[in-house]
Amino acid sequence: MPLVGFEPIWILSAGSVSLIYQYWIHTETIKILPAPIEFIFNTPSHHRVHHSRDVKYLDKNYAGILIIWDRMFGTFILEKEHPEYGLVTNINTYNPLMIAFAEWGKVLQDIWKAPGIINKMKYVADYCH
């Protein structure tokens with residue numbers, strides 16, 4: 001973003017606002033908010049879906065603040081039933097470095113095993129998507 005002219009202070013400020021907003025959506029106390037809020041903003045209901053390991057909820061509701069982006073890009077789904085939280089495949093560790101980087105290791109293994117440079121590039125493209 002700085003390469004296209006954004007000042008670093010604005011980037012840090014926007015990231016801070018996003019993180020502060022996301023603090024309150026990590027609750028099970030709030031079930032559903034009024035429809036206009038649920039339509040525009042990321043809410044606890046939408047965010048519970050994001051943390052789900054249920055197949056129907058995978059790769060959905062990425063929003064930080066505005067859920068309208070997920071609606072626009074086809075990654076939105078309503079919470080129909082309470083999700084089961086967690087990873088699809090448990091990594092069986094409490095090591096914070098392993099938790100942070102285990103998925104990257106799996107992606108690198110997939111890239112390494114892929115036959116030919118074109119397939120390797122497809123893995124990279126899919127991961128970056």
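The numbers here are math on the coordinates, done by the rules we state, and not lab data. On a predicted model such as this, the values are computed, not experimentally measured, just so you know. Note that we place each Cβ from the backbone using ideal geometry, even for glycine, and neighbour counts take in every protein chain shown.
Flag set for residue 60, criterion: touching a residue at least 12 places away in the same chain (Cβ under 8 Å) and in contact with a strand residue (DSSP E or B) (Cβ under 9 Å, 6 or more places away or on another chain).
Within the stretch 39-66, the residues that satisfy the criterion of being part of a helix (DSSP H, G or I) and either buried (at least 16 other Cβ atoms within 10 Å of the Cβ) or in contact with a Phe, Trp or Tyr (Cβ under 8 Å, 6 or more places away or on another chain) (or both) are 44, 45, 46, 47, 48, 49, 50, 57. On the stretch given as the stretch 78-129, residues that are under 30 Å from residue 39 (Cβ atoms), in a helix (DSSP H, G or I) and either basic (Lys, Arg) or over 21 Å from the mean Cα position of the chain (by Cα) (or both) total 0. If you check residue 31 against the conditions, is it part of a loop (DSSP other than H, G, I, E, B) and on the phi < 0 side of the Ramachandran plot? Considered against the rule, which asks whether it is part of a loop (DSSP other than H, G, I, E, B) and on the phi < 0 side of the Ramachandran plot, residue 31 comes out as yes.
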